[in-house]
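The next block holds one structure in the form of C-alpha cells; read it before the comments.
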Amino acid sequence: MYQLSPSILAADFNCLGEQIRQVEEAGVEWLHIDVMDGAFVPSISFGMPVIASIRKNSSLFFDVHLMIEEPGRYIEEFKKSGADMLTVHAEACKHLDSTLREIRKAGMKVGVAINPGTPVSQLECVLDLVDMVLIMTVNPGYGGQSYIAKMDDKIKELRAIINEKGLDIDIEVDGGISAKNVAHVKECGANVFVAGSAVFNGDIASSAKDILEAMEA
Ligand code: DX5
Ligand code: ZN
C-alpha cells in the first residue's frame with residue numbers, strides 16, 4: 001500500500017476546506033496534520049479546534065503528526081477532534097511505551113516518529129506497538145526544507161528490520177518530498193509520503209496528481 005499524505009501546514013488557511021477538497025478530488029486518501037507546540041519545535045501551528053473543524057467536511061484518513069512535548073497529555077482530545085492516527089515523537093515522550101499503548105486503547109492507529117539525529121535502534125523495543133514509523137527527513141518545525149540525503153540509510157535499515165521480523169508496519173517519510181524524489185524514497189523502502197509545499201504551493205490538483213503518478217510508477 002502506497003499513500004500520499006499532503007501536509008496542510010503549507011495550505012492557505014483562508015480557504016483550507018476548499019484546498020482539502022482539491023487534494024481529495026485528485027485521488028488522495030490521507031491528510032497529514034502537523035501540530036506544533038513551540039516547545040518540542042520552535043514554531044506553533046494549530047491544534048484540536050482546526051482538526052475538529054476540517055473533520056466535518058472530509059472523509060480523508062487524518063494522519064496527525066504531533067510535534068509536541070509529552071503528547072500523552074492530549075490523546076483523548078485528539079481522538080475527539082477526529083484523528084484517525086496519532087504519531088508521537090520518541091524524543092518527546094518520557095514513557096514512550098505507555099503513550100503508544102494509550103493511543104491504541106483510545107481507538108486510533110499508532111505512529112512513532114524519529115528526528116534526523118535519532119537512530120532507528122531507539123525504536124527496537126516499541127516496534128510491536130506501532131502501525132507506522134515516521135522517519136523525519138528534515139529537522140521538524142518548518143515546511144519547505146530540503147530532504148537530508150543521509151536519511152536514505154535509515155529508511156533502508158528500518159525496512160530491512162521490518163522485513164526480517166515479518167512486521168506489518170508502514171514507513172512514512174516527511175520533509176522535502178516531491179514528485180522528483182518520491183520514487184527514490186520508495187526505492188529505499190518508504191511507503192507513505194508526506195508532501196507539504198510540493199502539493200500546496202502551486203496548482204494543488206495537478207501537483208498532487210504528479211506526485212501520485214511518480215509514487216505509483
Ligand atoms: C515539518 C512537518 C512536515 C512539513 C513538510 O516539521 O512535519 O510535515 O509540513 O513540509 P515539506 O513537504 O514542505 O517539506
Ligand atoms: Zn509532519
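The values are calculated or read from the model by the stated rules, or taken from the named source; none is laboratory data. What you see is a predicted model; the values in this text were computed from it and never measured. Cβ placement follows ideal geometry from the backbone for every residue including glycine, while neighbour counts extend to all protein chains displayed. To get the accessible areas, we keep the full protein, side chains included, count just its heavy atoms, and leave off ligands, DNA and RNA. Shrake-Rupley method; radii C 1.70, N 1.55, O 1.52, S 1.80 Å.
Exactly one residue out of M136, M151, M215 is aliphatic (A, V, I, L, M) and within 13 Å of ligand 2 (Cβ to nearest atom), and it is M136.
Taking region 41-60 as the range and being free of Cβ contacts under 8 Å to residues at least 60 places away in the same chain and either touching an Asp or Glu at 6+ places or on another chain (Cβ under 7 Å) or within 16 Å of ligand 1 (Cβ to nearest atom) (or both) as the test, the residues that pass are I44, S45, F46, G47, M48, V50, I51, I54, S58, L60. Of all residues in region 28-81, those satisfying the criterion of being part of a strand (DSSP E or B) and either among the acidic types (D, E) or open to solvent by 30 Å² or more (accessible area, probe 1.4 Å) (or both) are D34, D37, I44, F61, D63. Within region 104-133, the set of residues being away from ligand 1 (no atom under 16 Å from the Cβ), out of contact with any Gly (no Cβ under 8 Å at 6 or more places or on another chain) and open to solvent by less than 30 Å² (accessible area, probe 1.4 Å) comprises A106, M108, V110, V120, L123, V126, L127, L129. The single condition among (1) under 18 Å from I204 (Cα atoms); (2) away from ligand 1 (no atom under 14 Å from the Cβ); (3) out of contact with any helix residue (DSSP H, G or I) (no Cβ under 7 Å at 6 or more places or on another chain) that W30 does not meet is (2). M1 meets the conditions (1) in a loop (DSSP other than H, G, I, E, B); (2) at pLDDT 95 or above; (3) closer than 19 Å to M215 by Cα in every case but one. The failed one is (2). Restricting the first residue to region 154-174 and requiring it to be more than 16 Å from Q122 (Cβ to Cβ), which pairs with a second residue that is among the polar types (S, T, N, Q) meet a Cβ separation below 6 Å and a spacing of at least six or different chains? Close Cβ pairs (under 6 Å, with a partner that is among the polar types (S, T, N, Q)) amount to D170/N191; V173/T137. Looking at the structure I just gave you, is G202 without any contact (Cβ under 8 Å) to a residue 60 or more places away in the chain, part of a loop (DSSP other than H, G, I, E, B), under 25 Å from L16 (Cα atoms) and over 17 Å from the mean Cα position of the chain (by Cα)? Judged against the criteria, G202 is a match.
Selection of region 4-27 for residues being among the small types (G, A, S), outside any helix (DSSP H, G or I) and within 13 Å of ligand 1 (Cβ to nearest atom) yields S5, S7, A11.
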